[in-house]
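Student: Here it is: the structure, laid out below.
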Amino acid sequence: MKNLLGCNQLNKENLIELLDLAEKVKRNPEQYKNALSDKIIAVMFFEPSTRTRMSFESAILRLGARMIVTENGKTNSSSTKGESLEDTVRVINGYADALIMRHSLDDSAEIAQSVATIPVINGGSGKKEHPTQALLDIFTIKEKRGKIDGLKLCILGDLVYGRTTHSLLQLVSLYDNVEVYGLSKKALELPQKYIDMLSERGVKYNKCNSFDEVPKDIDVLYHTRIQKERFEEDLGNEEFVINKKVLNQFSENTIVMHPLPRLDEISTDIDDDERAMYFKQAHNGVPIRMAVLLKIFGRD
Ligand code: NCD
């Protein structure tokens, strides 16, 4: 694996390899503590981030690598002076052995890769892709459920501008007998191109209008935040809030996931319920990102 630009580049075989490696790393992180001690990794985030950036930084440090960081690329890099993304990447290319980047443009990872000779890892590109988030999501589901085949997944919230579900759908659809349900405001329904992608891979997409239409034995309720920063209109708050009363309509094996940050879409009254997985899910960002870096450098 030379780059990680999106989940569309992963097949089932390399996905399973990555998940297996992350499991090994999680079990025995010590084994990898010097694996990348000769590497310098550039971390360049043009959009806000807490989890993705800090868990990448933690992964870098746990692998013994060093890093150079632009935490707020939009205001602190030469992009404010009008430098093109291509030129910024061309320059960083000479400073580091790999580039981890987040940017508001949908094709930013591909643009970076087109001018870079070092590996590029996408830390979130516009509304299009967030591959390492999807990897940690599927890792968390597998950890909890034991397998992905036969998964019943319901995605909620912002299915238009939220990139995490767009990436996750590509990964779950590599497995057998997966069913996907969607519940969102009308204006934030899953775009047709993702429904088509699922259908090409033999996965039926079931659009729901209320929690009552979501099967009671759903395995995962995956909620997402309305990405207010990505559009102008005011669509108001989330209609479909998961709270104790809602969660209790579902099975005792239904887990609740969220890439975080959450706003009002998941009520804090379920935080102590053992079905609430979002914080454990966020912690899985470290072994997954360690596994991605090991693969990128062929050090697995
Ligand atoms: C997500 C993102 O940046 O796409 N956050 C994350 O990386 N965990 C989700 C979001 O911002 O709503």
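The values are calculated or read from the model by the stated rules, or taken from the named source; none is laboratory data. The shown structure was predicted, so the numbers you read here are calculated from the model rather than taken from an experiment. Here the Cβ positions follow ideal geometry from the backbone for every residue, glycine too, while neighbour counts run over all protein chains shown. All accessible areas refer to the heavy atoms of the entire protein, side chains included, with ligands and DNA or RNA removed. Shrake-Rupley method; radii C 1.70, N 1.55, O 1.52, S 1.80 Å.
Student: If you keep only loop residues by DSSP, which GluC sites (Glu not before Pro) in region 194-300 have at most 14 other Cβ atoms within 10 Å of their Cβ? Each step should come with its number before you reach the end.
Tutor: Numbers: sites: 200, 213, 229, 232, 233, 238, 239, 252, 265, 274; in loops: 232, 233, 238, 239, 252, 265, 274.
Hits after loop and neighbour filter: 232, 233, 252, 274.
Student: Next up: Over the chain, average the accessible area per residue using a 1.4 Å probe and give it in Å², no decimals. Before the final figure, lay out the partial values.
Tutor: On the way: 13060 Å² over 300 residues.
Solvent-accessible surface per residue comes out at 44 Å².
Student: Now for a different question. Against the longest principal axis of the chain, how steep is helix 12-27, in degrees 0 to 90 to the nearest 10, with axes from Cα atoms?
Tutor: 80 degrees
Student: Report, in deg cm²/dmol and to the nearest 500, the calculated mean residue ellipticity at 222 nm for the chain, where each DSSP H run with n ≥ 4 adds -39500 (n - 2.57) and the sum is divided by the residue count.
Tutor: Details: 11 runs with 104 residues, N = 300.
Theoretical 222 nm ellipticity from helices: -10000 deg cm²/dmol.
Student: Please turn the phi angles of region 88-94 into ³J(HN,Hα) values with the Karplus equation 6.51 cos²θ - 1.76 cosθ + 1.60 (θ = phi - 60°), one per residue in order, whole Hz, x for glycine and proline.
Tutor: 4, 5, 4, 6, 4, 3, x
Student: Based on DSSP loop calls and a cut-off of at most 14 other Cβ atoms within 10 Å, the longest stretch of the chain free of exposed trypsin sites (Lys or Arg not before Pro) is what?
Tutor: The answer is 34-146.
Student: Something else now. Could you please state, rounded to a whole Å, how far the C-alpha centre of region 252-267 is from the C-alpha centre of region 94-160?
Tutor: If we compute the Cα centre of each part, the gap is 19 Å.
Student: Under 14 Å from a label point 7 Å along Cα→Cβ of residue 8: give me every residue in region 101-119 with its amide N that close.
Tutor: 106-111, by backbone N distance to the label point.
Student: Could you tell me what percent of the accessible area of region 131-282 is made up of carbon and sulfur, with a 1.4 Å probe and every protein chain present? Please report the intermediate quantities before stating the final value.
Tutor: Values: 2910 of 6460 Å².
Reported share for carbon and sulfur atoms: 45 percent.
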